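Presented below is the structure to which this report refers.
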Amino acid sequence: QVQIVESGGGLVQPGGSLRLSCLASGSVFSIGGAAWYRRGPGKPRELVASITSDSATTYTDSVKGRFTITRDTGKKTVYLQMNNLKPEDTAVYYCDVLIAGVPYWGQGTQVTVSS
């Protein structure tokens, strides 16, 4: 059985930073590629950033230069460093991790950017 748990969300002022973590536990030998998605209020789900097993990364245009996705295979954890946060970044953030070729999702973590 595999569990995916996101953490690190919270309330932050515009211009602030947060680091989200996504931990894979249970019957996990190793993690493959992964991605962070978000769903803002009244908006469709959006792919924010992805990382392949070779550590190649992609970002949606609105977060380029502000967000960084990384992964620590030893800790079976994927991170999303978010800097210079804006109110429009407010959303529930979800991670999607490939484990043995199968995608697993977490329950999400809320990020609220507000003064």
Take the residues in region 91-115 that are under 21 Å from V63 (Cα atoms), of a type outside the set (A, V, I, L, M, F, W, C) and open to solvent by 30 Å² or more (accessible area, probe 1.4 Å), then tell me which one is farthest from the chain's Cα centre (by Cα). S115
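Being in a strand (DSSP E or B) and β-branched (V, I, T) is the filter here; which residues of region 28-58 pass it? Quick ask: steps written out before the conclusion?
Our first condition is that a residue be in a strand (DSSP E or B); within region 28-58, this holds for 34-39, 46-51, 57-58.
Selection gives V48, I51, T57, T58.
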Criterion (touching a residue at least 24 places away in the same chain (Cβ under 8 Å) and part of a loop (DSSP other than H, G, I, E, B)) met by exactly one of S62, S115, S21, S25: S115
Looking only at region 9-20, decide whether some residue is surrounded by 13 or more Cβ atoms within 10 Å (Cβ to Cβ), modelled with pLDDT of 95 or more and of a type in the set (S, T, Y). no
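The values are calculated or read from the model by the stated rules, or taken from the named source; none is laboratory data. Treat the numbers as computed from the prediction; the structure is a model and nothing was measured. A quick note on method: Cβ atoms are made from the backbone with ideal geometry, for glycine too, and the neighbour counts reach across all protein chains shown. Note: accessible area is taken over every heavy atom of the protein model, side chains too, but ligands, DNA and RNA are not part of it. Shrake-Rupley method; radii C 1.70, N 1.55, O 1.52, S 1.80 Å.
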